[in-house]
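Notes to accompany the following structure.
The values are calculated or read from the model by the stated rules, or taken from the named source; none is laboratory data. What you are looking at is a predicted structure, and each value in this text was computed from that prediction instead of being measured. Neighbour counts are summed over all protein chains in view; Cβ atoms, including those assigned to glycine, are modelled from backbone coordinates with ideal geometry. For the accessible areas, the whole protein counts, side chains as well, though only heavy atoms, and no ligand, DNA or RNA atoms are used. Shrake-Rupley method; radii C 1.70, N 1.55, O 1.52, S 1.80 Å.
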Amino acid sequence: MNRIIAPSMLSADFGHLERDTQMIDRSAAQWLHIDVMDGVFVPNISFGFPVMKAIRKATDKPLDVHLMIVDPEKYAVRFAEAGASIVTFHYEATYDARRCIDLIHASGAKAGISIKPATSVEVLRDLLPSIDLVLIMSVEPGFGGQSFMEGSLQKIADLKAMRAELGLATLIEVDGGISSHNARTLFDAGADALVAGSAVFGAADPRAEIEKMLNA
Ligand code: DX5
Ligand code: ZN
């Protein structure tokens, strides 16, 4: 199984967004993770379409968009049209996950569902055959730089078992408090993709940190 690293652009220097995006473009990271927060689903506001457009212009790598917004069905299509390869919304943020998945697929992007630390992977059982990715939050969504919640390891294992039981190839992505210190444990537990914000952009050599995570 391939290991994927998705640096979170939330921790980039927004005064030098083109420079930081190009730096990730030249790194071994396969995706760029885009955190969109609305100040309602999470107690923080990040950025929207204009910033994503600037990132899209500076790299050809897939944009892995993580929507932390209520009623994601209202905006999911616009994110796909703005160049997202994967649009992931929160299970807790919508009453109509199926419609959201269908809208994302109809606009040509892959669809992901994210769950907060308190949400069990079991809630995804019926939806799993219809989605391409599950994003397990290993911190409470809203802010970069928080500590990894160890309970997430069991959720990765549970999801891996459910995926095998259903005979699916759904990607498992994990987000929050990840660095080269715990990357190995997470890949070994069954993660296919790891998001890292502060560990990458806070490193003296971000591209070396990415390599370390990939080779952990
Ligand atoms: C948190 C975001 C994360 C965040 C990760 O709500 O979804 O993607 O940027 O940041 P670190 O890697 O610093 O925990
Ligand atoms: Zn994220």
Determine, for each peptide in 13-23, 168-178, 111-121, the mean count of other beta carbons within 10 angstrom over its residues, then list the peptides with the highest first. 168-178, 111-121, 13-23
Charges on Cβ only, +1 for Lys and Arg, -1 for Asp and Glu, centred on the Cα centroid of the chain; of Phe49, Pro129, Gln22, which one is farthest towards the dipole's positive end? Gln22
First compute the accessible area of the stretch 128-183 with a 1.4 Å probe, then give the percent of it belonging to carbon and sulfur atoms. 54
Segment Asn2-Asn215, extension gain: residue separation times 0.36 nm, minus the distance between their alpha carbons: 75.5 nm
For the chain, what is the calculated [θ] at 222 nm in deg cm²/dmol (nearest 500), taking -39500 (n - 2.57) for each run of four or more DSSP H residues and dividing by its residue count? -9000 deg cm²/dmol
May I ask you to compute the full-extension gain from Ala161 to Glu140, defined as 0.36 nm times their residue separation minus their alpha-carbon distance, rounded to one decimal in nm? 5.2 nm
If you place +1 on the Cβ of every Lys and Arg, -1 on the Cβ of every Asp and Glu, and leave all else neutral, what size is the dipole of the chain about its Cα centre, to the nearest 20 Debye? 340
Give, as a single signed number, the net charge of other residues whose beta carbon lies under 12 Å from the beta carbon of His33, with Lys and Arg counted +1 and Asp and Glu -1. -3
Per residue accessible area of the stretch 4-214, 1.4 Å probe, in Å²: 42
Which order do peptides 33-41, 191-199 fall in by mean Cβ count within 10 Å, highest first? 191-199, 33-41
